[in-house]
Amino acid sequence: MTRIAVECVHLPVSEAFVDVGDVVSRGEVVGTNRALVHASTSGRVSSIAPRRRFLSESSPAIHITIEAKRAEDQTEASEFRLPALVQPDSTQIIQRCADAGVVGMGGGGYPTADKLLAARGLVHTLVINLMESDAGVGADAHLARTNSSQLIRGAELAQKAISAEHIVFAAPATLTSTLTEQTDHTVATPGVSEPSGEERRLLKGLFAASIERQERPIDAGYLVLNGATCAAISDAVDSGQTVINRLVRVGTDVLRLPIGTPIAGLIDASTSLRSGSPLSGERLHADACVGKTTYAISEDPRDASSPCIRCGFCRDVCPEPLLPDELIWWRRDNERLDALSVDRCLECGLCDDICPSDIRLTDLIRDGKRRLLSERDSKLAAQASLARVNARNERLAERSLREEARREARLARLAKKRSARTSS
Amino acid sequence: MRRQRLGIQWQVCLALAPGGLILTWLFGTGVIVNLLVAALSCLMTEAACLTLAGRGQQIRARLSDGSAMLTAMLIALALPPGCGIGVIVVACALALGLGKHAYGGIGQNLFNPAMVGYAAVLISFPAALATWPPVASEFANGVDGLSGATILSSMTNEHGLTLSELAAGDYGVGQFGGLGVEWAALAFAASGLVLALRRTLAWRVPAGMLLALTIAGFVGFDGGSSNSLGSPMIHLFSGGTMLAAFFVATDPVTHPSSARGQWLFGLLVGLLTYLIRSYAAYPDGIAFAVLLANCATPWLNRTLARSRVGGAADA
């Protein structure tokens, strides 16, 4: 496979293990961000600084920037790899997922090692989720068509890690025949309306399993992994490769790109770009880069919206019991948004599709949701800090009371001594 | 369900065409004149209002969304052919100027713009609006000397006559509704039904309205005496019942957005229509019924809006 030459990559981290000026090789650990982060190119760390990813981001994340060596020096030999595992057991597979920085690559970004560890022994059915919003043309469809053996291998490794009884591939109708030729595992198309890739809907569509909102799918015996995640597991175990590449649909092409590739050079960004679907995906900042969860980059169609005419079509298509029109009307009012359960929005974009006024409902709802959640977080943080201050004040008051009592006792003792002396 | 190619307002306009053609057949070219004058004045009013509001750059988008054209078509079909160009121009100017743009333009208005315009000229020019031209003789069932009376005006004005006497005389009674216009009503109902099935309009509104009118019609019908308030069939297939049920009351901006709200709104329009037809001075009361029910929309929205959230998840 031809490697796309990048001049530099930017990797978001919560903690960096390298310093500016360090020389790193491809595949090496450079930091952590819930899961380990690895250098996706060989080169020199040129900066560790905040960088914007999304337009509606409250604060930019710290990124490690690596300036790539010349392309001819980027050989396979210079790449750092973990030792391949032969016949690994459950613990080895999970440990390897952690070491290779595997995360849920369908959008969740949750560390796969943690997920497998929590699921171990609880799950009877492992579901491989190939239902994409861009059905048939997305990154997972490309993977299933061009490298199904890797996909299936990753799924089987995950099955082994959690000792699940069955594997079920949930695939759109366009992919079922390709997969059935390759595997004896069940391949099924869930019979639910969009967004069929959403975990709970997927399980409902496949197994008629109703999972309460408070419950996790693993409590009901299901674990859902995304296709790209399976490929990453297989890479990590069989060839020791850390997560430094991923398949990304860019416009209508599917490319294998190093994590951290700036999006600016990939696609003509005369309009703005989105991560995911053209209408409802997260709006990308011009500085944004491919992340581990970036499965698609789409051009944002020009916003030609007109005012809401309150037709209520969005209510009919909303898969959750939400009122999208009310949510955008009250988008600046946190109390109303809370009462309208804005946090239940799946950001599936069906309301954007149906709106006769071409309103970008998902954008507006997402902004409101973000603001409400961050307000809730800061309120909780404030409450926690208030509780700490109160506890400290109490401790101080208690201590001063104790000291007061001790002082008084000492004074009393002194007075007693003195009176005894005078009397004698 | 994907976004439909043609805007919903244009689809509604298109669906008005069959009924409009039948009216043209009945009443002659007056209907076409009405349409042309109304279209021209509505588009010009829309453009003028946008310019005044400093939204000149939106003129093209707003004129091409079909909403002004729909208002124009509804006014043109509601007004009697030959009522006079002035009346139409006034109706259109008031509909969009007062009924829509005074509230802030599309999506912001409380009342149905077409009915604001229609009600304004109904009160201002009662004579012009009471005079419907005679229907073409093919429909007259052998009755000649057509006076232009309509079934509803006859029921309001000719209190001494029983229903069968009205039917036998020259009082605008047709085979199952208003003479001739019953066929247009049927056409409006058919194309309205298609829109409802395509989910272009909220089907609960016409369902509620027609249900209320039918029930009220049954309750009030005494078999056709001189005091009779008209049979359910007469109420359904006369005046503007079908036009209003499928095309006027279904204006999404001015009806409630929740399912229960739409039912209540439809029932309210139907009931008010019946009451005004039966007990008020105007032969037909649909315009007032719609406007009065519009007043209830914000309240229905507020009271019923949050009913979907907080309940058990259905997904």
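Observations on the model:
- Label sites at A:Asp343 and A:Ser149, each approximated as a point 7 angstrom past Cα along Cα to Cβ, lie 4.7 nm apart.
- Its alpha carbons considered, the stretch A:305-392 gives a radius of gyration followed by a Dmax of 16.0, 57 Å.
- Nearest-ten-degree value, helix A:227-238 long axis tilted from longest Cα axis of chain A: 80 degrees
- Partnerless cysteines, meaning none of the other Cys C-beta atoms lie under 4.7 Å away, in chain A: A:Cys8, A:Cys97, A:Cys230, A:Cys289, A:Cys308, A:Cys311, A:Cys318, A:Cys345, A:Cys348, A:Cys355
- Local electrostatic count at A:Cys345 - Lys and Arg +1, Asp and Glu -1, tallied over other residues with Cβ under 9 Å: 0
- Structure remark: mean-square fluctuation, Gaussian network model of chain A, C-alpha springs under 10 Å; the largest value among A:Ala236, A:Ala382, A:Ala84 belongs to A:Ala382.
- Summarising the amide proton neighbourhood of A:Val187: residues at separation of 5 or more, or on other chains, whose placed amide H is nearer than 5 Å comprise A:Phe169.
- Amide N of the stretch A:297-315 lying under 16 Å from the label point, which is placed 7 angstrom from the Cα of B:Arg60 along Cα→Cβ: A:302-306
- Within-14-Å neighbourhood charge of A:Ala49 [Cβ basis; K, R +1; D, E -1]: 0
- Placing a pseudo-label 7 Å from each Cα along the Cα-to-Cβ vector at A:Glu15 and B:Gln108 gives an inter-label distance of 5.4 nm.
- Fewest-first ranking of A:Asp325, A:Asp353, A:Asp140, A:Asp219, using other Cβ atoms within 10 Å as the exposure measure: A:Asp219, A:Asp353, A:Asp325, A:Asp140
- Using the Karplus relation 6.51 cos²θ - 1.76 cosθ + 1.60 with θ = phi - 60°, the per-residue 3J(HN,Hα) values for the stretch A:43-57 come to x, 10, 6, 9, 7, 10, 8, x, 8, 7, 10, 10, 5, 9, 9 Hz, with x marking Gly and Pro.
- For peptide A:349-360, the mean count of partner chain Cβ atoms within 10 Å of a residue's Cβ comes to 2.
- Kirkwood analysis of the stretch B:8-129, using all unique Cα-Cα pairs, places the hydrodynamic radius at 14.3 Å.
- Taken over the Cα atoms of the protein assembly as shown, the convex hull encloses 280 Å³ per residue.
- Enclosed volume per residue, in Å³, of the convex hull spanned by Cα atoms of the stretch A:218-298: 120 Å³
- Computed over chain A, Kirkwood Rh from alpha-carbon pairs, angstrom: 24.2 Å
- By the helix-only formula, in which each DSSP H run with n ≥ 4 contributes -39500 (n - 2.57) and the sum is divided by residues, chain A has a 222 nm mean residue ellipticity of -12000 deg cm²/dmol.
- Most simply put, the stretch A:90-238 has about 5% antiparallel DSSP beta bridges, counting only bridges with both residues inside it.
- Sequence of A:His63, A:His285 once ranked by neighbouring C-beta atoms within 10 Å, starting from the fewest: A:His285, A:His63
- FRET efficiency, 1/(1 + (r/R0)^6) with R0 60 Å, evaluated for A:Asp184 and B:Ala127 via beta carbons: 0.10
- Summing Lys and Arg as +1 and Asp and Glu as -1 over all other residues whose Cβ lies under 11 Å from the Cβ of B:His255 gives a net charge of +1.
- Compared with the rule-of-thumb size 2.2 N^0.38 Å for a compact globular protein, the stretch A:56-157 has a Cα radius of gyration ratio of 1.35.
- Kirkwood-type radius of the stretch B:202-273, with distances r between different C-alpha atoms, in Å: 12.3 Å
- For the protein assembly as shown, the number of Lys pairs separated by eight or more positions or lying on different chains, with C-alpha atoms closer than 24 Å, is 7.
- Volume per residue of the convex hull around the Cα atoms, evaluated for the stretch A:90-238, comes out as 96 Å³.
Read-outs throughout are calculated quantities, based only on the coordinates presented, and are distinct from any laboratory measurement. Computed from a predicted structure; not experimentally measured. With ideal geometry, Cβ positions are generated from the backbone for all residues, glycine too; neighbour counts draw on all protein chains shown.
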